[in-house]
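The values are calculated or read from the model by the stated rules, or taken from the named source; none is laboratory data. Because the structure is predicted, anything quoted here is derived from the model rather than measured. Cβ: placed from backbone, ideal geometry, glycine included. Neighbour counts: every protein chain shown. Protein only, heavy atoms only, side chains kept; ligands, DNA and RNA dropped before computing areas. Shrake-Rupley method; radii C 1.70, N 1.55, O 1.52, S 1.80 Å.
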Amino acid sequence: MKRRTALKAFGFGIGGAVVLTSGGLGVYYYAAKLDTAGKVSFDKALSIPPLAESTTDASGARVFTLGIQPGDTRFKAGSATRTWGVNGTYLGPTIRARRGEQVEFAVSNGLDQDTSLHWHGMHLPAAMDGGPHQVVPAGGTWRPRWTVDQPAATLWYHPHVHGSTADHMYRGLGGLFILDDETTEASKLPSEYGVDDIPMIVQDRAFDGNNQFEKRVPLLGGALGVIGDEVLVNGTIGPYVDVKTRLVRLRLLNGSNARLYNFGFSDDRTFSLVATDGGLLSRPWNTERLYLSPGERAEIVVAFKPGEQIELRSYPSEYGGTLGRINGFDDRLDICRFRAADTLSDSADIPSTLGVAPDLAGEKVAKERSFVLASDQINGRSMAMDRIDFGVREGTVEVWDVVNDNGFLHNFHVHDVQFQVLTVDGGKPEPHLRGWKDTVLLAPGKHYRLAMRFRGHTDPNSPYMYHCHLLLHEDNGMMGQFVVLDEGEKVGAVAQPHHHS
Ligand code: C2O
Ligand code: CU
Ligand code: CU
């Protein structure tokens, strides 16, 4: 076998060096630092996911139909890539709903295996959450329904079948779920979808020689999972956006399985962070860099000058540690080009006050808990579908102390709630962590104290998840389950899954 072929067979198509030792299993992989700055041709218009259509039923609920299906997607010249999508072949439509509306979904599974759709960041009954207990069997349809009851935010949806989340997401399932309310509507932030309010689902993929997605996992230090060498935005490789207004809002989602992005612009210009996972910040925060770990979102507003061209990039980040290079932390990646028109229509200035800041710091704390993440476990235990780890009391505020104890990158996501980061290692959190969050990066060794209030939707038998959002870790068991209990209720037992269609 030719050396090149041998390398491909091991899944290393690019960069780095591989040393085959006499032991056979001793394959050493040292990933070269990737630097695509200035090397991406940016010759395709950014694909904008369509807004999902809906109908209104007799009760006034908005009903959306989402079909999960396999397909072929043409990302680049040559063969099409076998992918999965929602109402299409890759990713899915952007769902948009307003606070106070009742929404219902008909989620049908056109795959040949179980999957699910979870509404990441949504406050809703656990039985509607789309987590590992709400599997949609192959050929089946699932009809969750709830009332949107939280501030405007950029949320998202993705599969959450235990053990297969990484695979299902890598194949292409997922999409944005934008919530609106009076505050954002009155805010004068850029808001024309796809024009000056642009969704950006940022993902990395590795392609094999036949343009198929390859699960390229570095063997040494590859404990984070798949790291791809090409960046896609909404499924477009090398996208450009034609800018027509002075200000543009970008809704960024790190939709990757494992890669961390440290966003910035090619001229290091300042941009304004206006919203985090759970909605608007109380005031904009100006920065040149913003990192997002898998699952996190940010809304930023960028100012453009007539006629200029500028690239959104991911820059090296400080979180890599010794194995960081292998896991992509030293990489510099060109993501998207913005091409400003020769005349730009003016935009209203970014308001100096935006949303309502988290307010849990002074609350009475009903319970403190601690969570240690290490070795694909939380507090020394792996996820078990039939074990509910604890119950929280409805209406109370809890503080969770979370620490990443093993040196690799982890993050922490909690279903049902948006939390406030009270402190990081005893200090005030960085400005971009001062808004409502549902997912937070855990820098190795640091203690994150998260405050959250549980309200409504009690159910002793239907758990919500908390987990690391690096999908390999989640699949491997770095996840736990909790229930929200009413006065006097006790933790119940997880309902046995019953398959029906
Ligand atoms: Cu985005 Cu439990 O997940
Ligand atoms: Cu979630
Ligand atoms: Cu992890």
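Listed by chain and number, the lysines whose alpha-carbon sits under 24 Å from that of Lys188, ignoring those within fewer than 8 places in the same chain, are Lys244, Lys305, Lys437. Placing R0 at 22 angstrom, the Cβ-Cβ distance between Ala32 and Ala77 gives a FRET efficiency of 0.35 after rounding to 0.05. A 1.4 Å probe run over the protein chains yields, for the chain, 38 Å² of accessible area per residue, whole-number rounding. For the chain, a simple Cβ point-charge model (Lys and Arg +1, Asp and Glu -1, everything else neutral) yields a dipole of about 1180 debye relative to the Cα centre. Compute the signed sum of charges (Lys and Arg +1, Asp and Glu -1) over the other residues within less than 13 Å, Cβ to Cβ, of Pro316. Summing Lys and Arg as +1 and Asp and Glu as -1 gives +2.
The simple spin-label model puts a point 7 Å past each Cα toward its Cβ; for Asn379 and Asp43 those points are separated by 5.5 nm.
Between beta-carbons, use under 13 Å as the cut-off and find the net charge around Pro460, counting Lys and Arg +1, Asp and Glu -1. Neighbour charge sum, excluding Pro460 itself: -3. Most tightly packed first, judged by the mean number of other beta-carbon atoms within 10 Å of their residues, the peptides 314-320, 233-239 read 233-239, 314-320.
Does segment 443-494 come out rounded, prolate or oblate, given a ≥ b ≥ c as the square roots of the eigenvalues of its C-alpha gyration tensor, rounded meaning a/c under 1.5 and, failing that, prolate meaning a/b above b/c? Mind showing how you got there, number by number?
On the way: a/c = 3.13, a/b = 1.59, b/c = 1.96.
The shape class here is oblate.
Backbone amide hydrogens, once placed in the peptide plane, bring Thr81 within less than 5 Å of Thr73, Arg74, Phe75, excluding anything fewer than 5 places away on its chain. Within 10 Å of each candidate Cβ there may be at most 11 other Cβ atoms; applying that plus a DSSP loop requirement, which chymotrypsin sites (Phe, Trp or Tyr not before Pro) in segment 157-240 survive? Loop-located and lightly packed - none at all.
Counting charges near Asp129 (Lys, Arg +1; Asp, Glu -1) among other residues having Cβ under 11 Å from its Cβ returns a value of -2.
In this simple spin-label model, placing a label point 7 Å from the Cα along the Cα-to-Cβ direction at both Asn406 and Thr287 gives a separation of 2.8 nm. Determine the shape class of segment 370-424: with a ≥ b ≥ c the square roots of the Cα gyration tensor eigenvalues, call it rounded for a/c under 1.5, and otherwise prolate if a/b is greater than b/c, oblate otherwise. It comes out oblate by the Cα gyration axes.
For a label point 7 angstrom out from the Cα of Ala357 toward its Cβ, which stretches of segment 254-283 have the backbone nitrogen within less than 19 Å? Counting only backbone N, you get 272-283.
So what is the relative contact order of segment 365-485, in percent, for Cα pairs below 8 Å that sit 6 or more residues apart?
About 36 percent, as a whole number.
I'd like to know which of Met479, Val421, Trp400 lies farthest towards the positive end of the charge dipole of segment 400-501, counting +1 on Cβ of Lys and Arg and -1 on Cβ of Asp and Glu. Going by the charge dipole, the pick is Val421.
Treating r as the C-beta distance of Arg369 and Asp208 and R0 as 51 Å, the FRET efficiency rounds to 0.70. For the listed peptides 343-351, 137-145, a ranking on the average number of other beta carbons within 10 Å per residue, highest first, reads 137-145, 343-351. Placing unit charges on the Cβ atoms only, positive for Lys and Arg and negative for Asp and Glu, gives segment 365-485 a dipole magnitude near 420 debye about its Cα centre. As a calculated quantity, the FRET efficiency between Lys305 and Ala348 at R0 = 22 Å, using C-beta atoms, amounts to about 0.80. Each of Ile388, His432, Tyr464 was scored by the projection of its Cα onto the charge dipole of segment 365-485, and the greatest displacement toward the positive side belongs to His432; charges sit on the C-beta of Lys, Arg, Asp and Glu.
Ordering 57-69, 408-420 by mean Cβ neighbour count within 10 Å, with the highest value first, yields 408-420, 57-69.
Classification of the chain by its C-alpha gyration tensor yields a rounded form. The axis ratio a/c (a ≥ b ≥ c) stays under 1.5.
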